[in-house]
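What follows is one structure encoded as structure tokens, with my remarks underneath.
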Amino acid sequence: MSTSHRPAPVRALGSASVSAIGLGCMNVSHAYGVPLAPAAAAALLLQALDLGITHFDTATLYGFGVNEELVGRVLGAHRSRFTLASKGGIYGTPVDGGIQRVIDSRPASLKRNCEDSLRRLRTDVIDLYYLHRWDKAVPIEDSVGALADLVRAGKIRAIGLSEVSASTLQRAHAVHPIAAVQSEYSLCTRNPEIAVLAACRTLGASFVAFSPVGRGFLSGALRDVSTFAPKDLRRSMPRFAADNWSHNLRLLDVYTELAREAGCTPSQLALAWVLARGEHVLAIPGTTSRSHLEENYEAAFVELDAPLIARLDDLFGPHALAGPRYNAATQLEIDTENFP
């Protein structure tokens, strides 16, 4: 693995120019089992900055504020060196001694979320602020209008949306320019190809792919789903269920051979494929491993030829994997097109 720290290829993210591969910060605090210890998490963030990653993505949801506090504490002194993205519209509220996740995109709630994020992130302005999920009880025009107020107030520089359809994006863009759409996108999850990728290109918005390594599936290292930590989010995802896993492993065996032919790791092949979908596409893989962080960074230098891309497209067609990406309840929370 190279340690040359070559300058990262850059792409547009709204009006900013950032490393084509950024860092999704969720993993260190949220969703995949035991969070990193504070010292290890800080070392990972600082290594990413030193490598040349200039796009850091967090959210109010991640650890219910813990991840934003981490990013603010560790990277606050380096604020001029990177583009900061965060999200509002999902937060935690105390219930019966615990914390309940709430989707709420009412204007007052979004403005309160943003103020809380600014405090935790130790910054005066967030470069890109996403509506994390569209609360369908609130017109998208009202939610985006509130975010536009935050732009005018100098609290945020640009507006993004997460997990929305092309039609919702177009409605939102009519209220205020949308700088970016962030959705799950990888060889495993091809839904953005139905309409959103093209809509972003038409409107001049960036597309930011989260979980571009298929929530670890495309790393090639995940073979036994029974090893997931008790609170690992993937335990609720049908494609990781035991009755689907044997089918999906067969695809993985073929895929890892393609990575060997390409002369890169399976994770790098997954990231290079995402970046090859268009110059307006960026990727934000997450990791808790410092060696994987560097591996992901180097994926920006991997170039894929057209025949290999075609073989990957064929291997991972829209219905290639057994099991949907979300269970039925979670699927209702998002607003994306689905393949018939």
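The values are calculated or read from the model by the stated rules, or taken from the named source; none is laboratory data. Keep in mind it's a predicted model, so treat the numbers as computed, not measured. Note that each Cβ is placed from the backbone with ideal geometry, even for glycine, and that neighbours are counted across all protein chains shown.
Numbers below:
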| item | result |
| --- | --- |
| The range 151-165 - residue that is in contact with a Leu (Cβ under 9 Å, 6 or more places away or on another chain) and surrounded by fewer than 22 Cβ atoms within 10 Å (Cβ to Cβ) and, of those, farthest from Ala108 (Cα to Cα) | Arg157 |
| Residue list for the range 68-110, restricted to those being exposed (fewer than 14 other Cβ atoms within 10 Å of the Cβ) and assigned to a loop (DSSP other than H, G, I, E, B) | Asp96, Gly97 |
| Residue that is at pLDDT below 95, more than 24 Å from His55 (Cβ to Cβ) and more than 19 Å from the chain's Cα centre (by Cα), where the choices are Ile140, Ile99 | Ile99 |
| Near pairs, Cβ below 6 angstrom, 6+ apart or cross-chain, from the range 83-94 (closer than 16 Å to Ala179 by Cα and of a type in the set (D, E, K, R)) to any residue that is buried (at least 24 other Cβ atoms within 10 Å of the Cβ) and at pLDDT 95 or above | Lys87/Ala59; Lys87/Tyr130; Lys87/His132 |
| Which listed residue, of Leu308, Leu282, Leu258, Leu249, is touching a residue at least 12 places away in the same chain (Cβ under 8 Å), within 12 Å of Leu218 (Cβ to Cβ) and not hydroxyl-bearing (Ser, Thr, Tyr) | Leu258 |
| Top-ranked residue of the range 124-137 - restricted to ones that are without any contact (Cβ under 8 Å) to a residue 60 or more places away in the chain and crowded, with 19+ Cβ neighbours inside 10 Å, ranked as farthest from Ala180 (Cα to Cα) | Asp135 |
| Given (1) surrounded by fewer than 19 Cβ atoms within 10 Å (Cβ to Cβ); (2) over 17 Å from Leu315 (Cα atoms); (3) not basic (Lys, Arg), index of the condition Leu249 fails | (2) |
| Residue satisfying condition, being over 29 Å from Gly145 (Cβ atoms) and touching a helix residue (DSSP H, G or I) at 6+ places or on another chain (Cβ under 6 Å), within set Leu46, Leu51, Leu110, Leu121 | Leu51 |
| Residue in the range 269-290 that is surrounded by fewer than 16 Cβ atoms within 10 Å (Cβ to Cβ), within 24 Å of Asp50 (Cβ to Cβ) and at pLDDT 95 or above present | yes |
